[in-house]
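Peer 1: Would you mind keeping the following structure in view while I ask a few things?
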Ligand code: NDP
Ligand code: GDR
């Protein structure tokens, strides 16, 4: 057991929630920053939330925002953490084209604000800092597979902002001797993944379609190739990176890639649906070719359930990402334990449970509205 204290920005997000669980298991006192919102936004951490009136609580939430320097400084001063995990971000690549300035403020300047607050408070020799860097830095890839030394070519306002965050983290390490490091993480998913990222969008929509709650899934570029891992494996690595003697940057990936189309196929297969893809580009569709098992309750062979909507194309696309996690394996002994097939099955079955509950409510006359984006 430990009496170490950790602060997590983005604790209400996918990774933040898994990381908080992991650190609590390890005996940490965990503090997280949550944003003010008009309704509850702590669904992913509600199961670990402890009422402050309970005896000896280990998990604390603070209101805050990465755009607010005085707030970050105050929280850091109060918490005085041994480890800071900066996971908070406007993390959606497509949205960053719509809100580039906000994305830069949160993802780039937010990182600087945290680092500078640590320095200002004289915590730079005490507090270790983890920065959530991303494979999006490679963008227009210069080398296959991508490793720590591969040059960057960001392709979105999100990736450009994250590039600033990457370098300011390196700079504070070099300039002030801070223990500050970047995890260059490739895509990682889970049942807790935000509903508008492509994997969750697919598993959720196909589960809904299988229960008659939606008719069709609309996607953008189905040729995009990604190296998809499981968030649980990746947060383990975030913690490991802060347990070394010397701060270093690591690529975290599985070393395997599949296309968005293949992820659709895998997800459908888990539901007992065999799909046939036909047409090209904007005309591409997926048709139900065969149904097996008993998961599907509302579909027929011949139904078209996936179509392309160019609205989801991005102004500049990252076509392919494939990571080389050799350094993480050799130096830290990290290997991912969950395959993309296992992860996809977990996500599909979790979304199927939700869809079945919604279908039951609908069958009993309740108004069930399904948000789609
Ligand atoms: P999520 O989008 O699930 O979570 C992002 C978190 O940041 C949420 O808690 C969100 O709060 C919070 N947040 C957003 N804006 C602000 C703000 N202005 N101030 C404070 N907090 C804010 O992301 P993931 O968990 O998937 O990713 C975690 C980090 O890792 C992100 O930085 C992401 O960019 C990066 N990353 C993710 C990868 C992935 O594949 N998942 C791969 C590589 C990097 P709220 O809940 O209120 O929205
Ligand atoms: P990404 O994840 O942009 O890689 O960023 P996302 O799941 O959004 O897209 C992956 C690929 O799928 C294509 N795609 C679609 N994407 C979405 N969201 N919706 C669609 O309908 C759709 N159709 C096709 C995209 O064009 C893209 O090529 C994620 C985020 O978690 C970042 O924060 C993180 O840094 C990177 O992963 C690594």
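A short reminder: the numbers here are calculations on the coordinates, not readings from a lab. None of the values given here were measured: they were computed from a predicted structure. Note that each Cβ is placed from the backbone with ideal geometry, even for glycine, and that neighbours are counted across all protein chains shown.
Peer 1: Where does helix 69-79 land angle-wise versus the long Cα axis of the chain, in degrees 0 to 90, nearest 10?
Peer 2: Helix 69-79 sits roughly 70 degrees off the main axis of the chain.
Peer 1: Quick one: angle between helix 110-120 and the longest Cα principal axis of the chain, in degrees between 0 and 90, rounded to 10, please.
Peer 2: It works out to around 20 degrees.
Peer 1: With each run of n ≥ 4 DSSP H residues scored as -39500 (n - 2.57), what mean residue ellipticity at 222 nm is computed for the chain after dividing by its residue count and rounding to the nearest 500 deg cm²/dmol?
Peer 2: -11000 deg cm²/dmol
Peer 1: Quick check: from the Cα gyration tensor, does the range 1-135 come out rounded (a/c under 1.5), prolate or oblate?
Peer 2: oblate
Peer 1: Next up: For 259, 91, what's the fewest-to-most ordering of other Cβ within 10 Å of each Cβ?
Peer 2: Ranking 259, 91 by Cβ neighbours within 10 Å, fewest first, gives 259, 91.
Peer 1: For Cα pairs less than 8 Å apart in space and 6+ apart in sequence, what is the mean separation divided by the residue count of the range 272-324, i.e. the relative contact order in percent?
Peer 2: Relative contact order comes out at 31 percent.
Peer 1: Ok, one more. In percent, what relative contact order does the range 150-301 have, based on Cα pairs under 8 Å that are 6 or more apart in sequence?
Peer 2: That works out to 24 percent.
Peer 1: Do you know the relative contact order of the chain, to the nearest whole percent, from alpha carbon pairs under 8 angstrom that are 6+ apart?
Peer 2: It comes to 16 percent, rounded to a whole number.
Peer 1: Helix 231-241 versus the longest principal axis of the chain: what is the Cα-based angle in degrees, 0 to 90, to the nearest 10?
Peer 2: On a 0 to 90 degree scale, this one is about 20.
Peer 1: What ranking of 25, 274, 124 emerges when the number of other C-beta atoms within 10 Å of each C-beta is taken as an exposure proxy, fewest first?
Peer 2: 25, 274, 124
Peer 1: Under the classification rounded if a/c is under 1.5, otherwise prolate if a/b is larger than b/c and oblate if not, where does the chain fall, given a ≥ b ≥ c as square roots of the Cα gyration tensor eigenvalues?
Peer 2: Verdict is prolate for the chain.
Peer 1: Exposure proxy check: 184, 338 ranked by fewest other beta carbons within 10 Å?
Peer 2: 338, 184
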